[in-house]
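Shown next, in structure tokens, is the structure this report addresses.
FYI, it's all coordinate maths here, none of it is from the lab. Just so it is clear, the model here is predicted, and its values are computed rather than measured. Here the Cβ is made from the backbone with ideal geometry for all residues, glycine too, and neighbour counts use every protein chain on show.
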Amino acid sequence: MLSTNSIYILFFTTGVTIGFGHCIGMCGPVVISLSLNLKGGPSVWPHLIYNCGRTLTYGLLGGIVGGMASFTRFAESIDGLQKGVMVVAGVIITLMGLTMTGWIHTSVIFRAAPPVGTFITRTFKQLLQKKKHPLMYLPLGLLLGLLPCGPVYTALLAAARSGMEADTTLGGVLSGAGLMTCFGLGTIPALFLVSRLTDLRWLRHREKVYKIGAVLMIAVGVYFIWKGLRF
Amino acid sequence: MKASRFNVPLVSIGILFLSLMIFSAHQPGVCLAAEVKLDCDIQSSSCRKQINGRTVDLEILPKPVKAMKDLTFQVKISGDSFSEAPFIDLGMPGMKMGPNRVILKKNGVTTYVGQGVIVRCPSGKTIWQAVVTLPDVGSVVFTFDVIY
């Protein structure tokens, strides 16, 4: 039987393994899109903040399943939400790509968009503008942490089991949240590495590469939308 | 890194290659590893394999076997009993999904039972494997299709 500390370390190392073995392939498009969207601006803090947001969401999900001591009940309740998140992620990436190509101006997007609330509109505008505050990547990370993901489900399953073994509901919440936070922290190195590899500030004539990248972002975004609708 | 006129095509090719890798990871049915063959129709009945002169029967209930549902895993093993209970590791061929072990407990002379969940992969791939490990004997792999 593993000690408590060993289990947290195990979740962290599992996150590292999953990060390099799975996340790069499945979530790489999102990270690359965010990198290209920065267009030569400082990228370390936005990506760190994005990953913190993602990890916070994992911790929150872990706390919930740990408290409920059931993964399947929780998964059923958020199935529709995750589908929506995948579609929204696709929309965000597509719009980022469209504004980067210059084919559509941000003002056109916001004139045509349905009213969704001042905070959301303001956050979205910040993401699509040339100068972006790094903190704008926090809500993005919080949201995209909800993307459906097999390894995250597996980790949540283990977090739910830890909740079953806890003496109290609060104990289950804390152990679930702690385990999932460790898992999320483990996934950061791989995705941060991807973000560094796509930081093109050193590259001359990078505008051409941004154009190519923007077209690929549109393709990725549309693909996410299609996947989300079929999920 | 010093900027060079060759870097634009190189980086573009790199981005294209990376994109192809990423897209291929998302396509159902496409696997970078060798093609995996289904050898267990778990949706219809239990499955049987042999290892070191022993027969191993795997059953998953309820039917149909669906992802993201509580499932009961039942393993019947012929021959002498074990010092430790066997266990099942669930995973997808060619894709890392994280450790997902079903702990089995003895339920009768030759039967072991445990609870587990097969999670869903958003890539759309539905082929899963149950690796049944018999302590001091070895492991058998059952490859089957799951309904999402």
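Points worth noting:
- The residue list B:Pro93, B:Ser123, B:Ile77 was ranked by how far each Cα lies along the charge dipole of the stretch B:56-148 toward its positive end, using unit charges on Cβ atoms, and B:Ser123 comes out on top.
- Per-pair calculated FRET efficiency, R0 = 35 Å: B:Lys63 and A:Arg196 via Cβ, rounded to 0.05: 0.15
- Spatially proximal aspartates and glutamates relative to B:Lys96 (Cα-Cα < 18 Å; intrachain offsets below 8 disregarded): B:Glu35, B:Asp145
- The protection proxy used here, the mean number of other Cβ atoms lying within 10 Å of each residue, ranks peptides A:142-154, A:72-84, A:184-196 as follows, highest first: A:142-154, A:184-196, A:72-84.
- For the pair A:Leu135 and B:Thr111, label points projected 7 Å from Cα toward Cβ lie 6.1 nm apart.
- Shape metrics for the stretch A:133-231, restricted to C-alpha atoms - Rg then Dmax, Å: 18.5, 60
- Magnitude of the charge dipole for the stretch B:27-148, about its Cα centre and with charges confined to Cβ atoms of Lys, Arg (+1) and Asp, Glu (-1), is about 260 debye.
- Formal net charge of residues neighbouring B:Arg54 (Cβ-Cβ distance under 15 Å; K, R +1; D, E -1): 0
- Per residue of peptide A:145-157, the mean number of Cβ atoms on other chains within 10 Å of the residue Cβ is 6.
- For the peptide A:21-33, the mean number of other protein chain Cβ atoms found within 10 angstrom of a residue's Cβ is 4.
- Put a dot 7 Å past the Cα of B:Ser46, heading toward its Cβ, do the same for A:His105, and the two dots end up 7.1 nm apart.
- Taking each of A:Lys227/B:Lys105; A:Lys227/B:Lys49; A:Lys211/B:Lys66; A:Lys83/B:Lys106; A:Lys83/B:Lys49; B:Lys63/B:Lys105 in turn, the alpha-carbon distance tops 32 angstrom for A:Lys227/B:Lys105; A:Lys227/B:Lys49; A:Lys211/B:Lys66; A:Lys83/B:Lys106; A:Lys83/B:Lys49.
- Across the stretch A:73-89, coupling constants 3J(HN,Hα) worked out from phi with the 6.51/-1.76/1.60 Karplus curve, θ = phi - 60°, read 4, 5, 4, 4, 6, 10, 4, x, 4, 5, 4, x, 4, 5, 5, 4, 4 Hz, and Gly and Pro carry x.
- Net charge contributed by nearby residues that have their C-beta within less than 9 Å of B:Val117 (K/R +1, D/E -1): 0
- Per residue of peptide B:112-122, the mean number of Cβ atoms on other chains within 10 Å of the residue Cβ is 5.
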